[in-house]
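Engineer: Please read through the structure below; I'll follow up with questions.
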Amino acid sequence: MTNKMITLTIDGIQVTVPEGTNIVDAAKKAGIDIPVFCYHPKMKPVGMCRMCLVEVGRPVVDRNTGEFVRNEDGSLKIQFNPKLETGCTTLVSEGMVVINTSDKVKRGRKDILEFLLTSHPLDCPICDKGGECPLQNLTMAHGPGTSRFLFDEKKHLLKHYPLGELIYLDQERCIQCGRCIRFQEELVDDPVIGFSQRGRSLQIVTFSEPGFDSIFSGNTTDICPVGALTTADFRFGARPWELNAAASICQQCAVGCNLTLNVRREAAAGGKVVIKRVMPRQNEWVNEIWICDKGRFGYHYTEAPERLTQPLIRKEGELVPVSWEEALGFVAERFRQAGKGLLTLASGRLSNEDLFNLRKLSEGLGGKIALYTQMSGGEQVMQVGLAKESNLAELGQGDAILVIASDLHQEAPIWWLRVKQAAERGATLIVAHPRPTRLEKFAKHVLRYRYGDEAGLLLAMLNSLSAKRPALPERVSTLWRDDQVQAAAKAFAEAQNAVIFFGNEGVGLQASQALAQACLNLLLATNHAGRPNNGLIPVWQRPNDQGAWELGWRPLPNLDEAISQANAIYVVACDPAGDNPTLPLTPDFLVVQDLFLTATAKLAHVVLPALPFTEREGSLVNGERRVQRYYPAVPPRPSARADFTITGQLGKLLGIDLEDRLASKVMLRIAAEVPAFSGITYTALAYAPEQWPIIGREDLYYGGTTYENKQGIGVQLPNALQQGEQVTLTWPSLAQATEINGGLLAVPVTKLYDSGSTLVHSKLLDQRRVAAVLWIHPDEAAAHAVQEGDLVHLQFGEASAMATAILDKTVPQGVILLPRSAGIPLLEPCAAQLKVVERSYER
């Protein structure tokens, strides 16, 4: 959009807005509401519903001089169009006069509403949208009190039509505004629904199998201006005015989408307060107003009846319930005895406050801490991570984005969406991956490499830009001469702003460390670090992995050895035994702190029940290094406690000063000790500036039912360069190629719908959930006598698994892909042997 400003008058109020703004948005910025149904500020205007009709006058222009003609009093002479114009498709112009409240406009809106209601059912008392329905509100404000059409002439269509297992359509309620169709086609590139038939028989249908096959489908229910689209888990569940709202942060990936949890107390749950639905909360710096379906439907684990509700101690070989006093006293005494022999193992599922207390407890006893992750690179992100005051929405023409070793569509859908939109605004997108991904459609440069050569590819890009070319391993030494690599490197180097997303597909701890360092080198060498809209973004597997790095947690290069040497192990929010059954997890004393009785918890001497994010407050650091706060939504279960509280109470028993009551006070300690967090308080995290577009519950017809953000957009941490530290290039040591020994390279990949502990309880997603499968190229399958659907035995090291074969031409030869969190104990790429144990036709 141009920087030129346009001044016009709307209902007698002078408004100045950027050139290219439409009348509806211009009015909104001036606090004037023009009703709409089909228009949405995040989508292109189409003028379908005609609800935004206004009178428009334009200054008369002298054809000879090109100047505005003026009246005798010096005012501009305005000529009005005899017909009403749609405010959403009409762009503002200098001197324009818009009348939004004339009798002519009111008659037009009244007629439009009367037509819309001719076949609309009168079921407001039972409609899920009742109470937050734009049609209901606008009918009350602008519509007729009675209808001239006969009730018997109403068009009757299907009432409970499933577009898919997640979204239901009431065909009678649909007003054919097209918002849902345009969202799927324009915004998320999933044109899986569309219009069918014509006239009064026009209706929405799904074109995909399975139905409505999109990971963003739930957003259509937010922007639907009527009760036509509803989600399966909220349908007939509650009335909107019965719900309370609590601000929260999604816990499913590293994006950190802002959520609103709608809750109410209900008899069906025995009088308990329960979550009825998850809604997006506006944060234009993070998720805008969208969330993926995993974030929307993946909260059910927090209410699962299988959750731990009281401490357990192993007595006579069995875990038995005990009091908190007994459990904490026993654990404190054994930890005191272990001293330096204590190993604390924790994951990025924990909040900043939890991780801080855990570290201080371990350090106070002289023990070790270890971050449970299969991805490294957090230190490089602290040095050149996405700079403070950055916003991906500002990237466009003249900028560049590089995505390597990550399938963003499956790993971080909202980042995929925002990167796609940046590419559509003109940003140069470079996608580097061994196999095709959904993002390549929008890329100007696509780079292929072999698994294991991720860092080598980036160093080759760097070599192509420099006269000094440090030696590279033979397998990647010629990459810098490749025309595509040189073109991509040149485009990246010449960009005004540049961002790199790096993941861990095909890399383990060592290789991801080298990849992160190669990313850092490329950013520094091209001057794309330390200033807004530049830097490095890690695609972590967990919501607060970056927070763990910021607070001093690091993965151990040899976790097996550390576990075998420990006298006592404190495992918090992770399940190493479940992920790797061959792990030698047999210390003298094992304590597990979690939500469920995991495979690791079943081996423990003591199990401590923790609270989920919905029942407590805390903060997280997302991949863009934005610290965000979440709030309690429902009362905590009586016998479980927040992780930082448990650790704080242990600290008191051990004589270690830790805060155990208020998360906000833990944050004060973090801010005092960790330089990057300096000045951060819960009050600072709650700062909520005005955002555009203006989303609110008062004018639902404009932006949908997404919640406005009144509880804080968070605070982005400054990276090392912004804090004045010196960061230098370091040539990483590239990992050796994995020896296959006649087998295949098994690579774990992330799929959005997995069977992890935070998603398996969401039964709605069962049809989309990935099973224990392996993807293999048809030629490779033929070479190993594997057919589609065969049951295959996999052996990698000491671990083994069974998986069903799926033939896929996009899989590189010499490789098999295996889903994470699907019951296959594969954490890093390694050699695998295959053996068919049952043919598909025998099953």
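Engineer: What full-extension length gain, to one decimal in nm, is calculated for LYS315 and ARG198 as 0.36 nm per residue of separation minus the Cα-Cα distance?
Structural biologist: 35.0 nm
Engineer: Karplus couplings for segment 481-497 from phi (6.51 cos²θ - 1.76 cosθ + 1.60, θ = phi - 60°), rounded to Hz, Gly and Pro as x?
Structural biologist: Those phi angles translate into 8, 5, 4, 5, 5, 5, 5, 5, 4, 5, 5, 5, 5, 7, 5, 5, 10 Hz.
Engineer: Give me the mean projected area, in nm² to one decimal, of the convex hull enclosing the Cα positions of segment 462-513.
Structural biologist: 4.7
Engineer: In nm, to one decimal, how far is the GLU333 label point from the GLU440 one, both placed 7 Å along Cα→Cβ?
Structural biologist: 6.2
Engineer: I would also like to ask the following. Grab the other residues whose beta carbon is less than 13 angstrom from that of ALA799, score K and R as +1, D and E as -1, and report the net.
Structural biologist: For residues surrounding ALA799, the net value is -4.
Engineer: Treating only the Cβ of Lys, Arg, Asp and Glu as charged (+1, +1, -1, -1), what charge dipole size does segment 5-101 show about its Cα centre? Round to the nearest 20 debye.
Structural biologist: Approximately 380 debye in magnitude.
Engineer: Treating the beta-carbon of each Lys and Arg as +1 and of each Asp and Glu as -1, no other charges, what is the dipole magnitude of the chain about its Cα centre, to the nearest 20 debye?
Structural biologist: The calculated dipole for the chain is roughly 1160 debye.
Engineer: Take each of the peptides 10-16, 96-102, average the number of other beta-carbon atoms within 10 Å over its residues, and list them starting from the highest.
Structural biologist: Listed from highest to lowest mean packing, they are 96-102, 10-16.
Engineer: Pull out the extension gain between THR101 and ALA782, defined as 0.36 nm times the separation in residues minus the alpha carbon to alpha carbon distance; nm, one decimal.
Structural biologist: My answer for the length gained is 238.0 nm.
Engineer: Which one, CYS133, SER201, ILE223, projects farthest toward the positive side of the charge dipole computed for segment 112-231 from Cβ point charges (K/R +1, D/E -1)?
Structural biologist: Comparing the listed Cα positions along the dipole, SER201 ranks first.
Engineer: Next question, about the same structure. What are the residues whose amide H is under 5 Å from the amide H of LEU76, where those residues sit 5 or more places off or on another chain and H is modelled from the backbone?
Structural biologist: The list, which skips near neighbours in sequence, is ASN71.
Engineer: Size of the dipole of segment 103-144 about the Cα centre, Lys and Arg at +1 and Asp and Glu at -1 on the beta carbon, nothing else charged, in debye to 20?
Structural biologist: 280
Engineer: Another one. Take the Cα coordinates of segment 378-539, assign each an equal point scatterer, and use the Debye formula without solvent to give log10 I(q)/I(0) at q = 0.09, 0.21 Å⁻¹.
Structural biologist: Ignoring solvent entirely, the Cα scatterers give -0.24, -1.56.
Engineer: Please report the carbon-and-sulfur percent of the accessible area for the chain; probe 1.4 Å, protein heavy atoms only, DNA, RNA and ligands left out.
Structural biologist: Of the solvent-accessible surface of the chain, carbon and sulfur hold 50 percent.
Engineer: Hey, got a sec? Which chymotrypsin sites (Phe, Trp or Tyr not before Pro) in segment 505-607 land in a DSSP loop and have at most 12 other Cβ atoms within 10 Å?
Structural biologist: Loop-located and lightly packed - none at all.
Engineer: Now for a separate question. Give the residue from PHE68, LEU653, LEU157 lying farthest towards the positive end of the charge dipole for the chain; charges sit on Cβ (+1 for Lys and Arg, -1 for Asp and Glu) and the dipole is referred to the Cα centre.
Structural biologist: With unit charges placed on the Cβ atoms, the residue in question is PHE68.
Engineer: What whole-number value in cubic angstrom gives the convex hull volume per residue for the C-alpha atoms of segment 97-234?
Structural biologist: For segment 97-234, the hull spanned by Cα atoms encloses 134 Å³ per residue.
Engineer: On a 0 to 90° scale, report how tilted helix 643-653 is relative to the longest principal axis of the chain, with both axes built from alpha carbons and the result rounded to the nearest 10.
Structural biologist: 40
Engineer: Another one. Assuming a viscosity of 1.002 mPa s and a temperature of 20 °C, what translational diffusion coefficient in µm² per second does Stokes-Einstein assign to segment 682-816, Rh being the Kirkwood radius over Cα pairs?
Structural biologist: 103
Engineer: Relative to the first principal axis of the alpha-carbon coordinates of the chain, what is the inclination of helix 324-338, with its axis defined by its Cα atoms, in degrees from 0 to 90 and to the nearest 10?
Structural biologist: For 324-338 against the chain, the angle is about 50 degrees.
Engineer: For the chain, find the longest principal axis of its Cα atoms and tell me its angle to the long axis of helix 103-116, 0 to 90°, nearest 10.
Structural biologist: Tilt of helix 103-116: around 60 degrees.
Engineer: Please list, short to long, the whole-number percent of alpha-carbon pairs of the chain in consecutive 10 angstrom bins beginning at zero.
Structural biologist: 2, 12, 20, 23, 20, 13, 6, 2, 1, 0, 0
Engineer: When the helices in the chain are scored as -39500 (n - 2.57) per DSSP H run of 4 or longer and the sum is shared across all residues, what 222 nm value do you end up with, to the nearest 500 deg cm²/dmol?
Structural biologist: The helix contribution divided over the chain gives -6500 deg cm²/dmol.
Engineer: Which Cα, out of VAL499, SER477, VAL384, lies furthest along the positive dipole direction of segment 378-539 (beta carbon charges, K/R +1, D/E -1)?
Structural biologist: SER477
The values are calculated or read from the model by the stated rules, or taken from the named source; none is laboratory data. Note that the coordinates shown come from a computational prediction; the quantities given were computed from them, not determined experimentally. Cβ: placed from backbone, ideal geometry, glycine included. Neighbour counts: every protein chain shown. All accessible areas refer to the heavy atoms of the entire protein, side chains included, with ligands and DNA or RNA removed. Shrake-Rupley method; radii C 1.70, N 1.55, O 1.52, S 1.80 Å.
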